[in-house]
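One structure, as structure tokens, below. Some questions next.
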Amino acid sequence: MNNNFTVNKKFPLKILTLLLGVFMISAGCSNSGDKDILFKGESGRWFAEIHTDKARYDPGAAVGFYLSFKKEPEQDSELLVRYRHLNKVIGSQKLGLSDEKKIKWVWNPPDADFKGYLTEVFLMKANRFSDQINIAVDVSSDWSRFPRYGFLSRFPELNQAAVDSVMRRLNRHHINGVQFYDWQFKHHKPLSEKNGKITPFWQDIAKRTIYRETLEKYLSASKRYGMKTMAYNLLYGSWEDGPQDGVPKSWRLYRDKTLKEPVKIDFDENWSSDIYWMNPANKNWQNYIFRQTARVFKALAFDGWHVDQLGDWGVMWTTEGRQIRPDTTFGRFLKAAKKYLKRPLVMNAVAQYGQKQIAQSPVEFLYSEVWDPDSTYADLLNIIRQNDRLSNHRLQTVLAAYVNQGLAEKPGMVNNAAVLLADALIFAAGGSHLELGEHLLVHPYFPNNNLKTDDKLQKDLRNYYDFLTAYQNVLRGNLKETEINVETDNGIVLSEMPERGKIWYSAKMDEERHVLQLVNFTSVSTMNWRDNKGLQTEPDLIAPLTITVEGDFKVRRVWCASADRFSGSPVPVDFQRDGNKINLQIPQLKYWTMLVLEH
């Protein structure tokens, strides 16, 4: 198939562009912000789904697209495909259709590294547009620049089809790294071996049976999609039988100087063992766990180590009678691990414990598991900003934040509004959210899948992750925070911190643009992002939203985009300058809209 767009003399590209503009206006995309959306800009009457062959591409690699239809397109229909970087169309092509309900094609993006793109696919017949579907593309040589972290937590005996189903879904959300949670045999001895070979299966700490073949199928699929694979394990965990495996009690930590009470997690008889804390600063323990981890990398196709901890348990004592705060050892431990293993590392900062030390260590990005008292949307924002400062603006942030955790003790449904508001805030603030795996993650014990998601939320999440990926260069790029005065004449108050009854806004800028993020908290029922009782309400639609931006910078173009509308496609915004004020009207704000003022 010829993938180079050729201008047809009877149907020149300029006319195509004009027709698309007319189409977008007729679809309710005009600057007047009309409420009646005639065309939603997503899979609708004809399109079923679209996906790419990888979650992340190296520069110079070709992107494979796969598109399926709900029903066979009408005769003489064709596809117009447009490729955007931010608001700019950087390429187009027309594709003919056969009688098949599936079509595939290839696109060669520009060679530039660390770029996000939005692909818009229009179904048309006789110059009339009848459907649209979008998908993002990430061209990045290093996953840590724009991490989108997912997880896997169940490894029973699975056939290839079951594994492929999970991995296709993660790939569709552009998940570029996967945390393999509780896959291991013992924390101090991750591999289950017999006569020097890995056994076909073993039991984990929760006495679940883990199948090696299932692990290997997931690892292979992750590689195929371009995802990094991270082996979960504690940095200081040893089972009760550690001494018989070469982990003496002298490496343990204790609650008091008398060494009568070892520090440990007490489990009941339904679990395989209690977990004892080793001293992370003990060189013998470091060498032991590093050797065990190196054996993992030799036996299984993991890329790196997801290093876990258990938070702040106060001051402890070593067997040598020295006081120790474990967080003060994290930096040295990670540097030693990197030197020994030469593998990617990610470490969990439980309730930000030890994040200062982690941020100065050789980790891929900063990972924060959010616990009380950080229960508000403002707390999520502050964590992302704190991580940015701690790493001197070098490292991205991924939050493990368990929305609706209070509901997860019994079967039920997640609260859609709570999930989308949390994602809107996290993504708009420049972070990412660990939440996608075999199920939506709502509980700190990852295998818990009591809460289900409906079709509406699944579609919305695809749009949100497309948005996060397509606009990564302005959401998580090198823009710097800036103060800017923004007002509205809708009778709605804008706030620089998330507050109930208001629109939260933040501004970043670089030499080319100002970028404003607007998240709607005007009609929510709570500012507690956890929403433990499932009571969060979705914000009311504001359409249009008239705002004034004050600034002495020159503006040549204004546009907006939202994951809540037109599958993230950008929309031009008319504006008028009045002195140092810029007056404009955003078509609508549901959960989250991004406004871009190009200099």
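The values are calculated or read from the model by the stated rules, or taken from the named source; none is laboratory data. Nothing here was measured: the structure is a model prediction, and the numbers come from that model. Neighbour counts are summed over all protein chains in view; Cβ atoms, including those assigned to glycine, are modelled from backbone coordinates with ideal geometry.
Where the second residue is among the small types (Gly, Ala, Ser) and outside any loop (DSSP other than H, G, I, E, B) and the first is under 21 Å from LEU395 (Cβ atoms) and at pLDDT below 95 and lies in region 429-451, which pairs have Cβ atoms under 6 Å and are six or more apart or on separate chains?
none
Condition check: under 24 Å from PHE365 (Cβ atoms) and of a type in the set (Lys, Arg). Does ARG56 satisfy that?
Working: under 24 Å from PHE365 (Cβ atoms): yes; of a type in the set (Lys, Arg): yes.
For ARG56, the condition - under 24 Å from PHE365 (Cβ atoms) and of a type in the set (Lys, Arg) - is met.
Which pairs turn up if I take residues in region 569-583 that are closer than 15 Å to ASP489 by Cα and not assigned by TED's automatic domain parsing to the domain that holds ASN87 and look for partners that are at pLDDT below 95 and acidic (Asp, Glu) with beta carbon separation below 7 Å, at least 6 apart in sequence or on another chain?
Once the first residue is closer than 15 Å to ASP489 by Cα and not assigned by TED's automatic domain parsing to the domain that holds ASN87 and sits in region 569-583, its partners that are at pLDDT below 95 and acidic (Asp, Glu) give LYS581/GLU550.
Next question, about the same structure. Which condition number does TRP317 fail, the rest of (1) over 24 Å from GLN292 (Cα atoms); (2) in contact with a strand residue (DSSP E or B) (Cβ under 8 Å, 6 or more places away or on another chain); (3) outside any loop (DSSP other than H, G, I, E, B); (4) free of Cβ contacts under 8 Å to residues at least 40 places away in the same chain being met?
Unmet for TRP317, out of (1) over 24 Å from GLN292 (Cα atoms); (2) in contact with a strand residue (DSSP E or B) (Cβ under 8 Å, 6 or more places away or on another chain); (3) outside any loop (DSSP other than H, G, I, E, B); (4) free of Cβ contacts under 8 Å to residues at least 40 places away in the same chain: (4).
Exactly one of (1) under 13 Å from the mean Cα position of the chain (by Cα); (2) farther than 26 Å from ALA507 by Cα is unmet by LYS410. Its number?
LYS410 satisfies every listed condition except (1).
In addition: Looking at GLU487, GLU511, which is the one that is in contact (Cβ under 8 Å) with a residue 60 or more places away in the chain, farther than 25 Å from GLN585 by Cβ and surrounded by fewer than 18 Cβ atoms within 10 Å (Cβ to Cβ)? It would help to see each step written out before you state the result.
Working: GLU487 fails: farther than 25 Å from GLN585 by Cβ.
Selected residue: GLU511, the only one of GLU487, GLU511 that is in contact (Cβ under 8 Å) with a residue 60 or more places away in the chain, farther than 25 Å from GLN585 by Cβ and surrounded by fewer than 18 Cβ atoms within 10 Å (Cβ to Cβ).
Filter region 556-599 for residues that are among the hydroxyl-bearing types (Ser, Thr, Tyr) and not in a helix (DSSP H, G or I); which is surrounded by the fewest Cβ atoms within 10 Å (Cβ to Cβ)?
At the first step, the residues of region 556-599 found to be among the hydroxyl-bearing types (Ser, Thr, Tyr) are 562, 567, 569, 591, 593.
With the extra rule that they be not in a helix (DSSP H, G or I), the set shrinks to 562, 569, 591, 593.
Numbers: SER562: 25, SER569: 21, TYR591: 24, THR593: 26.
Selected residue: SER569.
Let me spell it out: the conditions are (1) in contact (Cβ under 8 Å) with a residue 60 or more places away in the chain; (2) closer than 25 Å to ALA378 by Cβ, and PRO544 meets all of them except one. Which number is the exception?
Going through the list (1) in contact (Cβ under 8 Å) with a residue 60 or more places away in the chain; (2) closer than 25 Å to ALA378 by Cβ, PRO544 breaks only (2).
Have a look at ALA61, ALA55 and point out the one that is of a type in the set (Gly, Ala, Ser), closer than 21 Å to ASP460 by Cα, modelled with pLDDT of 95 or more and in a loop (DSSP other than H, G, I, E, B).
Numbers: ALA61 fails: closer than 21 Å to ASP460 by Cα.
The unique qualifying residue is ALA55.
Can you tell which of ALA136, ALA126 is at pLDDT below 95 and among the hydrophobic types (A, V, I, L, M, F, W, C)?
Details: ALA136 fails: at pLDDT below 95.
Selected residue: ALA126, the only one of ALA136, ALA126 that is at pLDDT below 95 and among the hydrophobic types (A, V, I, L, M, F, W, C).
Which residue is nearest to LEU518 (Cα to Cα), if the candidates are limited to region 357-377 and must be crowded, with 17+ Cβ neighbours inside 10 Å and in contact with an Asp or Glu (Cβ under 8 Å, 6 or more places away or on another chain)?
So the residue we want is VAL370.
Results for (1) assigned to a strand (DSSP E or B); (2) touching a residue at least 12 places away in the same chain (Cβ under 8 Å); (3) touching a strand residue (DSSP E or B) at 6+ places or on another chain (Cβ under 9 Å); (4) farther than 23 Å from ALA349 by Cα, shown as yes or no for each residue.
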site	(1), (2), (3), (4)
SER273	no, yes, yes, yes
TYR276	yes, yes, yes, no
TRP285	no, yes, yes, no
LYS298	no, no, no, yes
VAL307	yes, yes, yes, no
LEU310	no, yes, yes, no
TRP313	no, yes, yes, no
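Exactly one of these conditions fails for ALA417: (1) within 17 Å of the chain's Cα centre (by Cα); (2) surrounded by fewer than 24 Cβ atoms within 10 Å (Cβ to Cβ); (3) among the aliphatic types (A, V, I, L, M). Give me its number.
(1)
Residue-wise test of (1) closer than 21 Å to ASP245 by Cβ; (2) β-branched (Val, Ile, Thr).
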residue: PHE290; (1), (2): yes, no
residue: ALA294; (1), (2): yes, no
residue: LYS298; (1), (2): yes, no
residue: TRP305; (1), (2): yes, no
residue: ASP308; (1), (2): yes, no
residue: TRP313; (1), (2): no, no
residue: THR328; (1), (2): no, yes
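From the list GLN179, GLN184, exactly one residue is assigned to a strand (DSSP E or B), closer than 14 Å to LEU234 by Cα and under 29 Å from the mean Cα position of the chain (by Cα). Which is it?
Values: GLN184 fails: assigned to a strand (DSSP E or B).
Among GLN179, GLN184, only GLN179 is assigned to a strand (DSSP E or B), closer than 14 Å to LEU234 by Cα and under 29 Å from the mean Cα position of the chain (by Cα).
When you check SER391 against the structure, is it among the hydroxyl-bearing types (Ser, Thr, Tyr) and without any contact (Cβ under 8 Å) to a residue 60 or more places away in the chain, yes or no? Spell out how you get there, then give the answer.
Values: among the hydroxyl-bearing types (Ser, Thr, Tyr): yes; without any contact (Cβ under 8 Å) to a residue 60 or more places away in the chain: yes.
So SER391 passes the test.
Being among the basic types (Lys, Arg) and either part of a helix (DSSP H, G or I) or surrounded by 19 or more Cβ atoms within 10 Å (Cβ to Cβ) (or both) is the filter here, so list the residues in region 187-220 that pass it.
First, pick out the residues of region 187-220 that are among the basic types (Lys, Arg): 189, 194, 197, 207-208, 212, 217.
Answer for region 187-220, where residues must be among the basic types (Lys, Arg) and either part of a helix (DSSP H, G or I) or surrounded by 19 or more Cβ atoms within 10 Å (Cβ to Cβ) (or both): LYS189, ARG212, LYS217.
Moving on to the next point. With the condition kept exactly as written, say whether any residue in region 347-370 is out of contact with any helix residue (DSSP H, G or I) (no Cβ under 6 Å at 6 or more places or on another chain), small (Gly, Ala, Ser) and within 24 Å of GLY314 (Cα to Cα).
yes
Looking at GLY431, GLY406, GLY412, can you tell me which residue is within 21 Å of LEU170 (Cβ to Cβ) and not hydroxyl-bearing (Ser, Thr, Tyr)? Give the steps one after another, and end with the answer.
Values: GLY406 fails: within 21 Å of LEU170 (Cβ to Cβ); GLY412 fails: within 21 Å of LEU170 (Cβ to Cβ).
Of GLY431, GLY406, GLY412, the one residue that is within 21 Å of LEU170 (Cβ to Cβ) and not hydroxyl-bearing (Ser, Thr, Tyr) is GLY431.
I'd like to check something: does region 66-73 contain any residue that is among the hydroxyl-bearing types (Ser, Thr, Tyr), without any contact (Cβ under 8 Å) to a residue 40 or more places away in the chain and assigned to a strand (DSSP E or B)?
Applying the first criterion (among the hydroxyl-bearing types (Ser, Thr, Tyr)) to region 66-73 yields 66, 68.
Those left that are additionally without any contact (Cβ under 8 Å) to a residue 40 or more places away in the chain: 66, 68.
Remaining after also requiring assigned to a strand (DSSP E or B): 66, 68.
Within region 66-73 (the criterion being among the hydroxyl-bearing types (Ser, Thr, Tyr), without any contact (Cβ under 8 Å) to a residue 40 or more places away in the chain and assigned to a strand (DSSP E or B)), the answer is yes, since at least one residue qualifies.
ILE289 is checked against (1) in contact (Cβ under 8 Å) with a residue 60 or more places away in the chain; (2) hydrophobic (A, V, I, L, M, F, W, C); (3) under 30 Å from ARG172 (Cβ atoms) and fails just one. What number does that condition carry?
Among (1) in contact (Cβ under 8 Å) with a residue 60 or more places away in the chain; (2) hydrophobic (A, V, I, L, M, F, W, C); (3) under 30 Å from ARG172 (Cβ atoms), the lone unmet condition for ILE289 is (3).
ALA543: assigned by TED's automatic domain parsing to the domain that holds ILE492, buried (at least 21 other Cβ atoms within 10 Å of the Cβ) and under 26 Å from GLN132 (Cβ atoms), yes or no?
On the way: assigned by TED's automatic domain parsing to the domain that holds ILE492: yes; buried (at least 21 other Cβ atoms within 10 Å of the Cβ): no; under 26 Å from GLN132 (Cβ atoms): yes.
Against the criterion (assigned by TED's automatic domain parsing to the domain that holds ILE492, buried (at least 21 other Cβ atoms within 10 Å of the Cβ) and under 26 Å from GLN132 (Cβ atoms)), ALA543 does not qualify.
Quick one: in region 241-255, which of the residues that are touching a strand residue (DSSP E or B) at 6+ places or on another chain (Cβ under 6 Å) and touching a residue at least 60 places away in the same chain (Cβ under 8 Å) is nearest to ASN284 (Cα to Cα)? Let's see the steps before the verdict.
Start the filter on region 241-255 by keeping residues that are touching a strand residue (DSSP E or B) at 6+ places or on another chain (Cβ under 6 Å), which leaves 247, 251-254.
Still in the list and also touching a residue at least 60 places away in the same chain (Cβ under 8 Å): 251-254.
Numbers: TRP251: 8, ARG252: 11, LEU253: 14, TYR254: 17 Å.
Within region 241-255, the match that is nearest to ASN284 (Cα to Cα) is TRP251.
Got a sec? Which of GLN203, GLN132 is among the polar types (S, T, N, Q), over 26 Å from the mean Cα position of the chain (by Cα) and farther than 23 Å from MET227 by Cβ? Please lay out each step first, then the result.
Working: GLN132 fails: over 26 Å from the mean Cα position of the chain (by Cα).
GLN203 is the lone residue from the list that is among the polar types (S, T, N, Q), over 26 Å from the mean Cα position of the chain (by Cα) and farther than 23 Å from MET227 by Cβ.
Does PRO59 meet the test of being buried (at least 17 other Cβ atoms within 10 Å of the Cβ) and either at negative phi or touching a residue at least 12 places away in the same chain (Cβ under 8 Å) (or both)? Even if it seems obvious, please write down each step before you answer.
Details: buried (at least 17 other Cβ atoms within 10 Å of the Cβ): no; either at negative phi or touching a residue at least 12 places away in the same chain (Cβ under 8 Å) (or both): yes.
Taking the combined requirement at face value, the residue does not satisfy it.
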